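Student: This is the structure I want to talk about, given as structure tokens.
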Amino acid sequence: MTGRADLRAALLAEARRLGFDRAAVTAPDALERAGRDRDLGDWLAAGHLGVMAWMAETAARRADPRVLWPDVRSIVMVAQIYAPAEDPLDLLEKRGQGAIAAYARRRDYHDVMKGRLKMLAQWAARKLPAEVKVFVDTAPVMEKPLAQAAGIGWQGKHSNLVSRDFGSWLFLGALFTTAELEPDAPEQDHCGTCRRCLDICPTGAFPAPYVLDARRCIAYLTIEYGGTIPVEFRAAMGNRIYGCDDCLAVCPWNKWAAQSKDVKLAERGELAAPDLADLAGLDDAGFRARFATTPVKRIGRDRFLRNVAIAIGNSGDPGLLPALDRLLGDDSALVRAMAVWALARLAPERLAAEAARRRPRESDAGVLVEWVAAGA
């Protein structure tokens, strides 16, 4: 037994040596014992997943890691901090610049953490020895409740993980193994009566504490959702062009969140507050070059410029009209549709002339809808 305990300690020490800020162990039945499998079922049944159909399709594997891999006996959860250098809420006042979620202003954490987890897996396969599998948001694994079960933090009222040591700014990954390892004690909820994360949400995405309705979440709308943004959420998006940090940023536990010193996950300065006018001029090659190796690349140029168009409409800055003019003539009907809405916000007196000049095609139903809604 002592040998196994020593190996467990060595494994966690190796995880820290590789660059993870925390590593801890839980059991594969932890979600079932905590009732988190039922929580997932209720969330899916309520329709809170929006267009993310894959979450329902993989529900059985999400609810029970043993369905994903029947041989798993222990799960090692790892975490890395990514606390931003400045308060993300400050950027929301700079309406001529785009707000990109803090996690996406750097190299894609999936790549960095997956590489380190593979090295940890190689160590475990040699030293334990045991079979291993690693996951970083690439399989139906409920990382946040598993991290709570391992004692790394707890799922706060905003549904994200909160740590007493690192606040709300954490990347998570998992190593599944056939080795029998002693689990750590789960973390308890320390949110108390605080509801800052719920109250700050600009779209009311929390129907209840600990419950997120993705369909109303700006992070979901700007990243996962591929269509024209519902009208009721556009103004609330402000200048957020990729994700939203509001509920994370106001968490009082962040006062203990040290900035990461990991050079591989350092923020890229050009992504901290990019000019909307500059972004509006990106073609596909320019978009891919600018956001290569970052999480932003996954949504593609058209969806990203859809978000940029909405941010321009919310800017209140007539100086951005030349940039908006480019978007009104964009090849993408999705971008053009949101540019019409932006024009109605920024220069409604130009609507009639622009509608006549642009002559929207009947095949562009979404664009026509926006022109009609704008009153052109």
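The values are calculated or read from the model by the stated rules, or taken from the named source; none is laboratory data. Computed from a predicted model, the values in this text were never measured in an experiment. For neighbour counting, all protein chains shown are included, and Cβ atoms are generated from backbone atoms with ideal geometry for every residue, glycine included.
Student: For region 71-78, indicate whether the set of residues that are among the basic types (Lys, Arg), under 22 Å from ILE152 (Cβ atoms) and out of contact with any Asp or Glu (no Cβ under 6 Å at 6 or more places or on another chain) is non-empty.
Tutor: Among the residues of region 71-78, not one is among the basic types (Lys, Arg), under 22 Å from ILE152 (Cβ atoms) and out of contact with any Asp or Glu (no Cβ under 6 Å at 6 or more places or on another chain), which makes the answer no.
Student: Between ARG195, ARG234, which is modelled with pLDDT of 95 or more and in contact with a Gly (Cβ under 8 Å, 6 or more places away or on another chain)?
Tutor: Details: ARG195 fails: in contact with a Gly (Cβ under 8 Å, 6 or more places away or on another chain).
The match here is ARG234.
Student: Follow-up question, since we're still on this one. Does at least one position in region 192-199 carry a residue that is outside any strand (DSSP E or B) and among the β-branched types (Val, Ile, Thr)? First the steps, then the outcome.
Tutor: Step one: filter region 192-199 for residues outside any strand (DSSP E or B), giving 192-199.
Checking the rest, the ones that are also among the β-branched types (Val, Ile, Thr) come to 193.
Looking through region 192-199, at least one residue is outside any strand (DSSP E or B) and among the β-branched types (Val, Ile, Thr).
Student: A further question on this structure: Test MET113 against the stated conditions and say whether it is buried (at least 18 other Cβ atoms within 10 Å of the Cβ) and assigned to a helix (DSSP H, G or I).
Tutor: So MET113 fits the description; yes.
Student: Quickly run through region 83-97 and pick out the residues that are part of a loop (DSSP other than H, G, I, E, B) and not small (Gly, Ala, Ser).
Tutor: Once the filter is applied, which keeps residues that are part of a loop (DSSP other than H, G, I, E, B) and not small (Gly, Ala, Ser), region 83-97 yields PRO84, GLU86, ASP87, LYS94, ARG95.
Student: Also, I was wondering about something else. Residues in region 265-288 that are surrounded by fewer than 18 Cβ atoms within 10 Å (Cβ to Cβ), within 21 Å of the chain's Cα centre (by Cα) and without any contact (Cβ under 8 Å) to a residue 24 or more places away in the chain: how many?
Tutor: Going through region 265-288 one residue at a time, the tally reaches 3.
Student: Further question: So, ARG4, is that one exposed (fewer than 15 other Cβ atoms within 10 Å of the Cβ) and over 23 Å from the mean Cα position of the chain (by Cα) or not? Even if it seems obvious, please write down each step before you answer.
Tutor: Working: exposed (fewer than 15 other Cβ atoms within 10 Å of the Cβ): yes; over 23 Å from the mean Cα position of the chain (by Cα): yes.
Yes; evaluated as a whole, the condition is true for this residue.
Student: Would you please list the contacts, defined by Cβ atoms under 8 Å and residues six or more apart or on different chains, that run from a residue in region 184-212 that is touching a residue at least 40 places away in the same chain (Cβ under 8 Å) to a residue that is among the aromatic types (Phe, Trp, Tyr)?
Tutor: HIS190/TRP154; HIS190/TRP253; CYS197/PHE206; LEU198/PHE206; VAL211/TRP43; LEU212/PHE206
Student: Restricted to region 174-191, and to residues that are charged (D, E, K, R) and within 19 Å of GLU143 (Cβ to Cβ), which residue is farthest from the chain's Cα centre (by Cα)? If you could, list the steps in order and put the result at the bottom.
Tutor: Restricting attention to region 174-191, the residues satisfying the condition of being charged (D, E, K, R) are 180, 182, 184, 187, 189.
Adding the requirement that they be within 19 Å of GLU143 (Cβ to Cβ) leaves 184, 187, 189.
On the way: ASP184: 27, GLU187: 23, ASP189: 22 Å.
For region 174-191, the residue satisfying everything is ASP184.
Student: What about GLY151, is it surrounded by 24 or more Cβ atoms within 10 Å (Cβ to Cβ), at pLDDT 95 or above and either farther than 22 Å from ALA125 by Cα or touching a strand residue (DSSP E or B) at 6+ places or on another chain (Cβ under 7 Å) (or both)? Spell out how you get there, then give the answer.
Tutor: Values: surrounded by 24 or more Cβ atoms within 10 Å (Cβ to Cβ): no; at pLDDT 95 or above: yes; either farther than 22 Å from ALA125 by Cα or touching a strand residue (DSSP E or B) at 6+ places or on another chain (Cβ under 7 Å) (or both): yes.
Considered against the rule, which asks whether it is surrounded by 24 or more Cβ atoms within 10 Å (Cβ to Cβ), at pLDDT 95 or above and either farther than 22 Å from ALA125 by Cα or touching a strand residue (DSSP E or B) at 6+ places or on another chain (Cβ under 7 Å) (or both), GLY151 comes out as no.
Student: Would you check which residues across region 171-192 are out of contact with any helix residue (DSSP H, G or I) (no Cβ under 8 Å at 6 or more places or on another chain) and either on the phi < 0 side of the Ramachandran plot or modelled with pLDDT under 95 (or both) and list them? I'd like the intermediate steps shown before the answer.
Tutor: Keep residues of region 171-192 that are out of contact with any helix residue (DSSP H, G or I) (no Cβ under 8 Å at 6 or more places or on another chain), which gives 178, 184-185, 188-189, 191-192.
Scanning region 171-192 gives THR178, ASP184, ALA185, GLN188, ASP189, CYS191.
Student: Here's a follow-up. If we only count helices (runs of 4 or more DSSP H) wholly inside region 1-61, which ones have 2 or more residues that are of a type in the set (Asp, Glu)? Show your work before the answer.
Tutor: Numbers: elements: 2-17, 30-34, 36-45, 53-57.
Qualifying helices (runs of 4 or more DSSP H): 2-17, 36-45.
Student: Being basic (Lys, Arg) and not in a helix (DSSP H, G or I) is the filter here; which residues of region 65-82 pass it?
Tutor: First pass over region 65-82, keeping only residues basic (Lys, Arg): 66, 73.
Across region 65-82, the qualifying residue is only ARG73.
Student: Another question about this same structure. Among the helices (runs of 4 or more DSSP H) confined wholly to region 311-376, which include 1 or more residues that are charged (D, E, K, R), touching a Phe, Trp or Tyr at 6+ places or on another chain (Cβ under 9 Å) and closer than 26 Å to PRO202 by Cβ? If you could, list the steps in order and put the result at the bottom.
Tutor: Details: elements: 321-328, 333-346, 351-358, 365-374.
Ranges flagged: 365-374.
Student: Can you pull out every residue in region 158-173 that is within 17 Å of ALA85 (Cα to Cα), more than 13 Å from the chain's Cα centre (by Cα) and in a strand (DSSP E or B)?
Tutor: GLY167
Student: Among the residues in region 218-228, are any assigned to a loop (DSSP other than H, G, I, E, B) and either more than 23 Å from ALA99 (Cβ to Cβ) or aliphatic (A, V, I, L, M) (or both)? Walk me through how you get there before you give the answer.
Tutor: The first filter runs over region 218-228 and keeps only residues assigned to a loop (DSSP other than H, G, I, E, B), leaving 225-228.
Next, from what is left, pick out any that are either more than 23 Å from ALA99 (Cβ to Cβ) or aliphatic (A, V, I, L, M) (or both): none.
No: zero hits.
Student: Related question: Among the residues of region 352-364, write down those that are exposed (fewer than 12 other Cβ atoms within 10 Å of the Cβ) and modelled with pLDDT of 75 or more.
Tutor: Filtering region 352-364 for residues exposed (fewer than 12 other Cβ atoms within 10 Å of the Cβ) gives 353, 356-357, 359, 361-363.
Those that are exposed (fewer than 12 other Cβ atoms within 10 Å of the Cβ) and modelled with pLDDT of 75 or more: ALA353, ALA356, ARG357.
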